[in-house]
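So the structure is just underneath, and the comments pick up after that.
The values are calculated or read from the model by the stated rules, or taken from the named source; none is laboratory data. Note that the structure is predicted; figures quoted are calculated from it, not measured. No Cβ is skipped: glycine too gets one built from the backbone with ideal geometry, and neighbour counts run over all protein chains shown. Heads up: the accessible areas ignore ligands, DNA and RNA and are worked out on the full protein's heavy atoms, side chains in. Shrake-Rupley method; radii C 1.70, N 1.55, O 1.52, S 1.80 Å.
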Amino acid sequence: MSERFYTTTPIYYVNAEPHLGHAYSTLAADILARHHRQRGDDVFFLTGTDEHGEPIENAAAKEGISPEELVDRNAAKFEALMPIIDATNDFFIRTSDPRHEAKVAEIMQRVYDNGWVRKGAYEGWYCPRCADFKTEREVAEGNTCPIHEIALDWVEEENWFFELSRFQERLEALYEEQPDFVVPDFRRNEAVAFIKGGLEDVSLSRPTLKWGLPLPWDPDQRMYVWFDALLNYVTALTFAREGEDLTERFWPADLHVMAKDILKFHAVIWPALCMAAGLQPPRRMVIHGYLLMGEKKMSKSLGNVLDPFEVIERFGADALRFYLFREVSFGQDGSISTAGFEARYETELANDYGNLASRVLAMVARYRDGVVPVECRVDAVLAEDFEGALDRLRDLIDRAELSQALEVIWTLVRRLNRYVEETAPWVLAKDEADPQRLDEVLYNLVEGLRVVTLMLVPFLPATADSLLGTLGEEGRGLAELGSRGGGQTVEKIQPLFPKIETPA
Ligand code: MSP
């Protein structure tokens, strides 16, 4: 049954250059989007840039250029990152787009008309890097930001407030009714604890901010950037396709992807804002951990820093995609390193998978003139291990457990390697009395390779696509072992993941 799947990444601040952390969230969403396309779902995948607010204003001032100049320059870099990492986003939203700005004004006016805002005085701590007002519980030792470890600013100002406190019960009910609103569970518990701790109203505007959208009902005040930013998930649908409004088709979003730093905004404020604006809240969000990039382990050819652009240039985007989701259990924090990258590249990509593909195709070429044997049955010993794997994969992807999903696939890759060893086709090839058995083994190997490669499409899109081409596979949908007969003509291939050459 085909369904629709709308997924998003955070929109990234353009005060800095894109880095691997941004690529990581985008790749997670891309893997999910590609998998759902494989299922035949109606998919929309959104990413983009967050271009207002104090962090941007400050960064521009520091460089001595206008905010407009800064955002145009840096947004272009984020947009350019997408094809480099092979992300298949359906749209790239920029919050400085006048179409977004107009829609935000319209929605916020509705929030005002519906009676969810009030004027008041704000006194408290503010982090200019988070662009966030901190509640007492969020202030670290010495009035510092627990995330950025910088001194917080004490601010006293006349603000408009969004009356978050009045959503206490409705938010508690939402979490009761939708136990998977936030995954993984431990993040959901954090959100629930935050809500149960008692909600305070949040600042909706800042009189001192210049680089922000004016409040439609009080244009002297500029909108606090998070309201403008969160609304991107809805506004984009209204103008992503010329002359078409996709809201009916895709709202509410199926899955917002982000790291834990912005949990509160998405898990608490965002559903309340939706309710205030008369919009349905999103269906679900997945909160992943941080990639820790500080490790100083020297690798033999890459040096110290895992520069995504360098890695991609030398090894391709697939290798990086694979490494990130294999090395760090999606949802947890985890360290990445160049040495770790090279180890996985060699043992898993080059050996486990690349060699399997090369060997299987070489044997079909050598023993059967490149023609995949026909009229064969699935070997019972393999069938047993492939049984239920597709369901497990779909299930894990549905829970956004990307690393576990990859493990399901890798277990099959390893199983196929053992099957080669167990059946030793090179021995069977010498036994002229029983050609049927060699046919069967080769058929099973090609079929197994096809099935795992289809599963790998979201993780290794370029490699999978090329190998599936070689295997004569036309579709890209998931398939059960034994669902295709033989008869295709295949050829030997160059190594999918060539050995790493250590520079002199
Ligand atoms: N502009 C806001 C988000 C608004 S969404 C309506 C913002 N931008 S950001 O540029 O700071 O991006 C934060 C997000 O980037 C994180 O939530 C995460 O998705 C991603 N990451 C940035 N660094 C990362 C790591 N080191 N590791 C994992 N994800 C990282 O917050």
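Here is how the numbers come out for the structure above:
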| read-out | value |
| --- | --- |
| Output for the stretch 5-27, where each listed residue is within 6 Å of the ligand (Cβ to nearest atom) and either of a type outside the set (Gly, Ala, Ser) or over 14 Å from the mean Cα position of the chain (by Cα) (or both) | PRO10, ILE11, TYR12, TYR13, HIS22, TYR24 |
| Candidate set: the stretch 105-121, residues that are open to solvent by 50 Å² or more (accessible area, probe 1.4 Å) and not in a helix (DSSP H, G or I); chosen: the one farthest from ALA276 (Cα to Cα) | ALA121 |
| Set ALA102, ALA60, ALA76, ALA80: member being assigned by TED's automatic domain parsing to the domain that holds LYS260, open to solvent by 30 Å² or more (accessible area, probe 1.4 Å) and more than 27 Å from the chain's Cα centre (by Cα) | ALA102 |
| Residue match in the stretch 436-452 (condition: free of Cβ contacts under 8 Å to residues at least 60 places away in the same chain, open to solvent by 20 Å² or more (accessible area, probe 1.4 Å) and under 20 Å from VAL371 (Cβ atoms)) | yes |
| Any hit, the stretch 196-204, residues being hydrophobic (A, V, I, L, M, F, W, C) and either closer than 19 Å to ARG94 by Cα or surrounded by fewer than 19 Cβ atoms within 10 Å (Cβ to Cβ) (or both) | no |
| Qualifying positions in the stretch 179-200 - touching a Lys or Arg at 6+ places or on another chain (Cβ under 7 Å) and basic (Lys, Arg) | ARG187 |
| Test: residue in the stretch 192-210 that is outside any helix (DSSP H, G or I) and within 14 Å of the ligand (Cβ to nearest atom) | no |
| Every pair of residues 6+ apart whose Cβ atoms lie under 8 Å, when the first sits in the stretch 74-103 and is over 16 Å from ALA317 (Cα atoms) and free of Cβ contacts under 8 Å to residues at least 60 places away in the same chain while the second is open to solvent by 40 Å² or more (accessible area, probe 1.4 Å) and not aromatic (Phe, Trp, Tyr) | PHE92/GLU79; SER96/GLU68 |
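Quick grid of which residues meet (1) surrounded by 19 or more Cβ atoms within 10 Å (Cβ to Cβ); (2) more than 10 Å from the ligand (Cβ to nearest atom); (3) assigned by TED's automatic domain parsing to the domain that holds ALA23:
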| position | (1), (2), (3) |
| --- | --- |
| LEU231 | yes, no, yes |
| ALA236 | yes, yes, yes |
| GLY243 | no, yes, yes |
| PHE250 | yes, yes, yes |
| HIS256 | yes, no, yes |
| ASP261 | no, no, yes |
| TRP270 | yes, no, yes |
| GLY278 | no, yes, yes |
| PRO282 | yes, yes, yes |
